[in-house]
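Contents: one structure, followed by commentary.
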Amino acid sequence: MAELQEVQITEEKPLLPGQTPEAAKTHSVETPYGSVTFTVYGTPKPKRPAILTYHDVGLNYKSCFQPLFQFGDMQEIIQNFVRVHVDAPGMEEGAPVFPVGYQYPSLDQLADMIPCILQYLNFSSVIGVGVGAGAYVLSRFALTHPDTVEGLVLINIDPNAKGWMDWAAHKLTGLTSSIPEMILGHLFSQEELSGNSELIQKYRNIITHAPNLDNIELYWNSYNNRRDLNLERGGDVTLKCPVMLVVGDQAPHEDAVVECNSKLDPTQTSFLKMADSGGQPQLTQPGKLTEAFKYFLQGMGYMASSCMTRLSRSRTASLTSAASMDGNRSRSRTLSQGSESGTLPSGTPGHTMEVSC
């Protein structure tokens, strides 16, 4: 590595009414595949991993994660963990447009940049939070560095390479749609795009008028050229850490996330399908996702003394019983937000259990 930029990491405080967010500290580090920029909030906590995020195509860390991490109830979580928000190369604010002919890194190479970030910060482990292409990058990183990843929250993960039918459909769409419209179709459901809500108008404007749209297209192409993760339940290639899979009901990637769930260890995997959240749950349902994230962290053994959320309060008795049955922190569970019962049905450890949010 070369050209490390020294920065000061400051302590993050809870936001009070009328208080503006504190200035983040930005780092840039050279890697074998080019420079990568990342932003750090907070100070490292003893014996705790960092929360590391990776955004989807068409977005950067702010447009992808700011509504989630600025949500009021999230403040309790971020007081307990240092945060590292990674921007894919050329996606950071003010990024110059890459020259014609620039070879953008593959998603595998983007994953190989992460150890340079952790080495610079002297962080030994992370809990990854990724969306779409970012979820794939973090999954690839976890497969190659399993001892470094303590947990993963994967939103809209598609672990499969494009098949020839997918390629044909993609090429056909490219003849009639612009790059911004194709990316919007990747991010949001057709129902959302047809409704043209204020949120959709905002993100259509962000992507369509992005000064680095050429860079975004390169990231988009890398995502469409991704390799298959080749996950296999019970096989040698699998995610060995606790995983929470998240997808919106009727989101573009619902089938892919369901398939990914079928390929992972059921004793280590939670599946959260969120109703009324569209294609980007972290934007449209930050409150519900915050509750689920806190529950996920508590299941990993962190934040045991934190304030109980509405989600975990409704399940305390049932989860205590389940924990005593399987004798460890790993549980299989599907968190479905379509029900209103608020109860956890009894189930055999190691099998998926339906619960409500």
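Every number here is computed from the coordinates shown, using simple stated rules; none is lab data. Because the structure is predicted, anything quoted here is derived from the model rather than measured. FYI the Cβ positions are ideal-geometry reconstructions off the backbone, even for glycines, and counts take in every protein chain you see.
List, in the order given, every pair from K47/K263; K202/K288; K62/K202 whose Cα-Cα distance in the structure shown is over 20 Å. Could the numbers behind the result be given before it?
Working: K47/K263 31 Å; K202/K288 22 Å; K62/K202 14 Å.
From K47/K263; K202/K288; K62/K202, over 20 Å: K47/K263; K202/K288.
Are there any GluC sites (Glu not before Pro) in segment 200-254 that are in a DSSP loop and have at most 14 other Cβ atoms within 10 Å? List them by number. It would help to have the intermediate numbers written out before the result.
Values: sites: E217, E232, E254; in loops: E232.
Counting only loop positions with at most 14 other Cβ atoms within 10 Å, the GluC sites (Glu not before Pro) in segment 200-254 are E232.
What does the charge count near F98 come to, summing +1 for each Lys or Arg and -1 for each Asp or Glu among other residues with Cβ under 15 Å from its Cβ? Before the final figure, lay out each step's value.
Working: positive: none; negative: D87, E92, D214, E217.
Result for the neighbourhood of F98: -4.
Debye calculation, C-alpha points only, no solvent: report log10 I(q)/I(0) for segment 24-300 at q = 0.10, 0.12, 0.16 Å⁻¹, in the same order as the q values.
Here the Debye-derived log intensity ratios amount to -0.47, -0.70, -1.36.
Report the gain in length on full extension from V237 to D214: 0.36 nm times residue separation, minus Cα-Cα distance, nm rounded to one decimal.
On the way: separation 23, 0.36 × 23 = 8.28 nm, distance 3.43 nm.
Length difference between fully extended and current span is 4.8 nm.
Show me the GluC sites (Glu not before Pro) within segment 73-122 that DSSP assigns to loop and that have at most 10 other Cβ atoms within 10 Å of their Cβ. Could you put the intermediate results ahead of the total?
Numbers: sites: E76, E92, E93; in loops: E92, E93.
Answer in residue order: no site qualifies.
Using only the alpha carbons of segment 90-169, determine the length spanned along each of the three principal axes and report them from longest to shortest in whole angstroms.
On the principal axes, segment 90-169 reaches 42, 31, 20 Å in Cα extent.
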